[in-house]
Amino acid sequence: MRDQRLWTWHVLAGLVILVFLGLHMAIMHLDALLGIFNPAGDHPIAWENVVARAKLGFFTFSYIVLLGAALFHGLYGLRNILFELNPGAGLRKGLNAALTAVGVVMFAFGAWAAWAASALARTL
Amino acid sequence: MLDTKNHPNRLGLWGWLGGGRWGVERYLYTLHRLTGLGLLAYFLLHIIVTSSRAWGSEAWEAAMARVTGSIFVLGEFLVFAAFAFHAVNGVRLVLVELGWAIGKPIEPVYPYRTSVHEQRPLAIGVMVLAGLLVVAGGLDFFLLP
């Protein structure tokens, strides 16, 4: 039952990623074709464009949601692949703990960075 | 994930990579896993590199300077291509899991018909769409200013 619930979250996280990562990829890697959300022109990673996006609350929100969804989707997917090798109960527990720890630490760090970048951009 | 305790993965790594006599969908499954693992590895590094924006423009410029050059451009294009495939194939997997695009259940009357022929158009459509996205990305990465 628990795995069924986690699998449902895995699929739902994938749909969230499809929307927000699709937007992110369009902005960062289809810039010459679409040219969206890069008000300073130039390259999407130019500091002026980074600041302009960080000033918009939507982007801070979308980065944090995408961060959580992608970490869960990716690490749960990795867990499923590793568990197919039938590790023992102890190793399963260790893998669960390690992957959860990686997810929590990376989410905390990435969310802090998105929030701090937004706060910094609003002072500029 | 289903509990595999009583159903050991006898084929091991080859079971992940080899399609055997299964159809093209089986290789899409393998490619889905490979692209997923690649995207996860890139994403963990991406979080660390892009967090430099929190320390201001100098830290950001220094971080970006460390990831410039043709090797990184090629790497980013591969990430874009992996995303394009993983995303549209993921949508296909969700549709199939929900029972869409695999045909309606029929009586098992000889000569038996397989549902593979029902879902094959979806698999082909996924590959065409992923290919178009990769071409658009390639234009943007390598040809357009």
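Values for this structure:
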quantity	calculated
Flag for A:Ala32 being over 24 Å from A:Trp115 (Cβ atoms) and in contact with a Leu (Cβ under 9 Å, 6 or more places away or on another chain)	yes
The range A:115-124, residues that are out of contact with any Lys or Arg (no Cβ under 7 Å at 6 or more places or on another chain), aliphatic (A, V, I, L, M) and more than 8 Å from chain B (Cβ to nearest Cβ)	A:Ala119, A:Leu124
Given (1) surrounded by 17 or more Cβ atoms within 10 Å (Cβ to Cβ); (2) assigned to a loop (DSSP other than H, G, I, E, B), index of the condition B:Val126 fails	(2)
Matching option when the condition is under 16 Å from the mean Cα position of the chain (by Cα) and away from every other protein chain (no Cβ under 13 Å), among B:Leu122, B:Leu93, B:Leu132	B:Leu122
Cross-chain or 6+ apart pairs with Cβ under 9 Å, the range A:34-47 first and under 23 Å from B:Ala65 (Cβ atoms) and among the small types (Gly, Ala, Ser), then at pLDDT 90 or above and assigned to a loop (DSSP other than H, G, I, E, B)	A:Ala40/A:Ala46
The range B:15-41 - residue that is in contact (Cβ under 8 Å) with a residue 40 or more places away in the chain and facing chain A (nearest Cβ under 10 Å) and, of those, farthest from B:Asn89 (Cα to Cα)	B:Leu39
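The values are calculated or read from the model by the stated rules, or taken from the named source; none is laboratory data. If you're wondering where the values come from, they're calculated on a predicted model, not measured in any experiment. A quick note on method: Cβ atoms are made from the backbone with ideal geometry, for glycine too, and the neighbour counts reach across all protein chains shown.
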